[in-house]
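Worksheet for the structure shown next.
Only the coordinates and a few stated rules stand behind these numbers; no lab work does. What you see is a predicted model, and the numbers here were worked out from it, not measured in a lab. Counting neighbours? That spans all protein chains shown, and the Cβs are built from the backbone with ideal geometry, glycine included.
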Amino acid sequence: MRYRTTVIGSGYLGITHAACMAELGHDVLALDVDADKVRRLNDGELPIHEEGLGELLRRGLAAGKLRFTTSYREAADFGDVHFLCLGTPQRADGYAADVSQLDAAVDALAPHLTRTCLVVGKSTVPVGTAERLAGRLQGLAPAGDRADLAWNPEFLREGFAVADTLTPDRVVLGVRTPYAERVLRAFYGPLGEVPVVVTDFATAELVKVAANAFLATKISYINAMAEVCEAAGADVVRLAEALAHDDRIGGRFLSAGLGFGGGCLPKDIRAFMARAGELGAGEALSFLREIDAINLRRRDRVVELARDLLGGSFDGRAVAVLGAAFKPDSDDIRDSPALHVAREIQQRGGLVSVYDPVALDNARKAYPELGFATSATEAARGARVVLLLTEWQEFVRLDPAELGAVVAGRGIVDGRNVLDPAAWRRAGWQYRAPGRP
Ligand code: UGA
């Protein structure tokens, strides 16, 4: 079944969802309040770096199956299914999520909804939000009860957004009516055989934050082991390799290093703690405070490793930072551990030169006080120490002899545990990495 669909909010999630749903055969109108962004998207210009998404966007536009607008009235007229893909960042005044963009979208859309339709939330939200928005929607919409709401969380990873959307592990449908379930099952029919879990609103909302909290816990777990390895003179990379052979543990998300960042994991575990506290279940998630603390400690540890290589001080020393994005294959610098470390070193007197294959523009705009280079070699030229902080393939493949020829001191901190220590040491480098002897 083909649906006339709108996607409210053209950020990472919205653009991906809109282009992928057009690819599945639906007619899609996506909305954003930023007129300049809408114009660029209608011209086929993708504002983010995401493998394969640009082609999908331009294919959808060319086929007339995808379009972008700033008009809520047009969206309401156009769509029978409306997806809410707004951002829910951490609030400036604490750990909780800021859901004001979602509220504003419902307030703007609802007064134009005059016929039967389904509004589907995809954003990551504090549990209870769907219930509240359903009341707001039906109170404001001329269609009243005929404007139904559902919650359908998104699990895509940046860098794999298209594949994760077109071949998801599972589809979670939080619904209150048979109508909502029927529409969403038909809507996602073109995905083929995918496990579908149908739940109430609260469970659907929780699945998303529970998944991200689990992933964050797994990363901080191995990073806690890295701290113990450092104290004991053991090697966390070999430890993780051995753990991974146990199927019950598994090797994915068990890479020790600089820890997690980005627009999701850090803010999601904090918002989860804040919401659990409001619900009187704060104790159940108190361990997440430790997960967050372990993660942030890793950034300090990497700074310390670099300082040790410099004999105790950054003052006036040239330092090369390889990586600005929060992870490879992305230009996203939100809560990037790499830039956190770069700024810390700069604040302690280091002369930092940052290079990243795609996130350089974003990094430069956000932190103009840092130094930037246009290649790894340029960043490393004259440096007393080099830090690898985002594991782009081009950094993993760096030749220690070639890089050794341009630096002023052969010290390397492998913040992501992706280099071969023996090869770098053979080439005369002092090699340091979190969790390794
Ligand atoms: C994360 C989840 O993986 C997605 O399932 C979820 O849909 C998404 O958040 C979201 O909430 O929208 P993403 O933020 O794109 O996806 O990034 P991840 O691949 O999860 O990586 C997060 C961070 O963890 C990165 O900084 C990465 O470098 C770090 N990481 C990952 C590690 O330090 N070690 C690992 O073993 C794995």
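Values as computed for the structure displayed
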| item | result |
| --- | --- |
| Dipole axis of segment 209-292 (+1 Lys, Arg; -1 Asp, Glu on Cβ), positive-most option in 223, 244, 262 | 262 |
| Tilt relative to the chain, helix 337-347 - C-alpha long axis, 0 to 90 degrees, to 10 | 50 |
| Amide H within-cut-off set for residue 68, under 5 Å, with H built and near neighbours excluded | 30 |
| Among 372-379, 272-279, 78-85, the order from most to least packed when residues are scored by Cβ within 10 Å on average | 78-85, 272-279, 372-379 |
| Ranked packing of 225-233, 322-330, most packed first, by mean Cβ within 10 Å | 322-330, 225-233 |
| Computed helical MRE - 222 nm, the chain, DSSP H runs ≥ 4 contributing -39500 (n - 2.57), nearest 500 | -13500 deg cm²/dmol |
| Assigned charges on the beta-carbon of Lys, Arg, Asp, Glu; the chain dipole about Cα centre (debye) | 260 |
| Radius 13 Å from Cβ of residue 172, net charge of other residues (Lys, Arg +1; Asp, Glu -1) | -1 |
| Given charges at Cβ of Lys, Arg, Asp, Glu: the chain dipole, positive-most of 105, 49, 424 | 424 |
| For residue 352, distant residues with modelled amide H under 5 Å away | 319, 371 |
| Proximal lysines relative to residue 327, as straight alpha-carbon distance under 21 Å, when same-chain residues fewer than 8 apart are discounted | 208, 218, 267, 365 |
| Unit charges at the beta carbon, dipole of the chain: most positive-side option, 318, 377, 3 | 318 |
| Partners for residue 65 among lysines (Cα-Cα distance below 23 Å; same-chain residues under 8 apart left out) | 37, 122 |
| Hz values of 3J(HN,Hα) by residue in segment 132-147 - Karplus curve (6.51, -1.76, 1.60), Gly and Pro given as x | 5, 5, 4, x, 5, 4, 6, x, 8, 7, x, 6, x, 4, 6, 9 |
| At 0.692 mPa s and 37 °C, Stokes diffusion of segment 279-384 via Kirkwood alpha-carbon radius, µm² per second | 222 |
| Antiparallel %, DSSP beta bridges [both residues in the chain], to 5 | 5 |
| Relative packing of peptides 209-221, 20-32 - highest average C-beta neighbours within 10 Å first | 20-32, 209-221 |
